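Below is one structure, written out as structure tokens, with a few remarks after it.
The values are calculated or read from the model by the stated rules, or taken from the named source; none is laboratory data. The structure displayed is predicted, hence computed values, not measured ones. Cβ atoms come from the backbone with ideal geometry, glycine included; neighbour counts cover every protein chain shown.
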């Protein structure tokens, strides 16, 4: 079909991803919702067409320019796919740069997987919320009340939603932030390309909140400290000589901090770290460190420094005038040296997903999966809905040490954990721990 001709720039955070994509590093992440009843595919297709009307900047194909990649709006909508055993991977004859968004269905589940050049977890979640709201309208006649946190086709989309908010908040007069050092990485045998293991633990939200309250911290601080402790125990017992600092990469949603309506990427990473070469750590010490690190580092001044560092390289005249095929080579090498090597793992907490009561009653849960990462090997995400929190581990290695160690820590705080995994697809029923 013919294109509309409208095109969109890639935001500052997005520009690196097309150059580093590979069968192991797909840069695909997933947000999904599980219903109480099986999904009606024909009705979902109708809802998807209407959803794209509200998000024209997601109805795109990636194009190759002379200097940069860009997105071009198109009339074509990719077919809804049947889900498969391994999420967030590309299969033969699929081109991630053709359609950077795909919708997958299995039984009661609707999943949206997005190429990270298109948006971040917040943008993907807003797209999914609109999709399921329209689906329930078609299937059950449910009307979504206005101003209830769901973007609907009747609402005019704002130009700010498609903006690069990084460039908007770039300030050339402030100093850049420093890069973290090379990090410790958990040992393990990489799985075959296309194999991606997911383990999800469902925990009562009240138990997690009560534990955090007793310790005097937020849920995010508690999860981060537990994740640090997991890698600290692994590093102490590992035969490997990797004694580099343990660095957890934490994405921070910038929309509220910098008052942005962008539906493109608008997040930055903070890098709390502990260094076992300095001596022994207790869990309480790590917990207090994380608590005060977040207070000191997640603020407007520190964030603007990071934006300065990231955007200034894009504005460099040499970078702007270098042809794309050379950029791809350079960016790939830079990413290997300065990207994931600077973090042990990532932990992304989506927080609580809220929908109008009229819609929530049809939905059992939400899940959030990180993209595969062959360097960090294991990454973690969390999302809350109603009275449950789902913590998911995406793993590119065969060993299950990270998840097991983390879950053992949760059990020490007397939390009830229900675990599901795709290790053995025919036994995808979950177990209680």
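The residue list 213, 236 contains one member that is surrounded by fewer than 16 Cβ atoms within 10 Å (Cβ to Cβ) and either touching a strand residue (DSSP E or B) at 6+ places or on another chain (Cβ under 8 Å) or farther than 28 Å from residue 375 by Cβ (or both), which is 213.
Does the stretch 347-362 contain at least one residue that is modelled with pLDDT of 85 or more, surrounded by 15 or more Cβ atoms within 10 Å (Cβ to Cβ) and closer than 19 Å to residue 181 by Cα? The answer is yes; a qualifying residue exists. Across the stretch 219-249, the number of residues qualifying as within 24 Å of residue 388 (Cβ to Cβ) and over 20 Å from the mean Cα position of the chain (by Cα) comes to 2. Being modelled with pLDDT under 90, in contact with a strand residue (DSSP E or B) (Cβ under 6 Å, 6 or more places away or on another chain), in a loop (DSSP other than H, G, I, E, B) and surrounded by 14 or more Cβ atoms within 10 Å (Cβ to Cβ) is a property that residue 153 lacks.
For residue 340, indicate whether it is outside the structural domain of residue 68 (by TED's automatic domain parsing) and farther than 30 Å from residue 39 by Cα.
yes
Hey, any hits in the stretch 159-171 for a residue that's surrounded by 22 or more Cβ atoms within 10 Å (Cβ to Cβ), within 19 Å of the chain's Cα centre (by Cα), modelled with pLDDT under 95 and not in a helix (DSSP H, G or I)? Yes, that holds for at least one residue.
Could you go through the stretch 109-121 and let me know if any residue there is at pLDDT 95 or above, in a helix (DSSP H, G or I) and crowded, with 20+ Cβ neighbours inside 10 Å. So far as the stretch 109-121 goes, yes, one or more of its residues are at pLDDT 95 or above, in a helix (DSSP H, G or I) and crowded, with 20+ Cβ neighbours inside 10 Å.
Screening residue 224 on (1) part of a loop (DSSP other than H, G, I, E, B); (2) within 30 Å of residue 114 (Cα to Cα) shows it passes everything except condition (1). Checked against the criterion of being under 22 Å from residue 188 (Cβ atoms), out of contact with any strand residue (DSSP E or B) (no Cβ under 8 Å at 6 or more places or on another chain) and modelled with pLDDT under 95, the candidates 241, 256 yield just one match: 241. The condition of being surrounded by 17 or more Cβ atoms within 10 Å (Cβ to Cβ), touching a helix residue (DSSP H, G or I) at 6+ places or on another chain (Cβ under 7 Å) and over 23 Å from residue 252 (Cα atoms) holds for only one of 421, 405, that being 405. When the stretch 122-142 is filtered for residues that are out of contact with any helix residue (DSSP H, G or I) (no Cβ under 6 Å at 6 or more places or on another chain) and not in a helix (DSSP H, G or I), only 141 remains.
Yes or no: the stretch 37-58 includes at least one residue that is in a strand (DSSP E or B), touching a helix residue (DSSP H, G or I) at 6+ places or on another chain (Cβ under 9 Å) and surrounded by 14 or more Cβ atoms within 10 Å (Cβ to Cβ).
For the stretch 37-58, residues in a strand (DSSP E or B), touching a helix residue (DSSP H, G or I) at 6+ places or on another chain (Cβ under 9 Å) and surrounded by 14 or more Cβ atoms within 10 Å (Cβ to Cβ): absent.
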